[in-house]
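Following: one structure in structure tokens, then a few remarks.
Throughout, read-outs are computed from the coordinates displayed, never taken from laboratory work. The model shown is predicted, which means the values in this text are computed figures rather than measured ones. Virtual Cβ from ideal backbone geometry, glycine too; neighbours counted across all protein chains shown.
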Amino acid sequence: MPKKSKTNIFRHLPDYLQPRILSAVAFVNAVAPDLDKAVERINIVSKSLSLKEMNWVMHLLSLERIGELMSTHPDFEHFKAERKERTVH
């Protein structure tokens with residue numbers, strides 16, 4: 001069986017899961033929750049990434065907060081109650 005190169009594997013991943021993006025996210029996230037240090041690191045990585053790549057970095061960095069906001073939204077609470085009612089019966 002031929003050995004697959006890492007670049008071949010990464011080629012099949014979406015843009016937002018490319019190593020450059022994930023490395024930048026990890027670099028910025030490592031100083032959380034210090035917002036000032038995070039902003040410094042965002043400025044550092046923005047110098048070596050394209051605007052599109054920075055867009056993905058910022059999306060990934062905000063996913064946790066978006067999840068928190070969604071999980072406390074009244075619509076989600078309603079969904080959870082409906083789901084619980086359906087599975088209890």
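Structural remarks
- Segment residue 35-residue 84, extension gain: residue separation times 0.36 nm, minus the distance between their alpha carbons: 13.9 nm
- Contact order relative to length of the chain, as percent, for alpha carbon pairs under 8 angstrom and 6 or more apart: 26 percent
- What the Cβ-Cβ distance of residue 71 and residue 50 gives, at R0 = 25 Å and to the nearest 0.05, is a FRET efficiency of 0.20.
- Overall shape: oblate for the range 6-88, with the ratio a/c of the largest to smallest alpha carbon gyration tensor axis at 1.5 or above and b/c at least equal to a/b.
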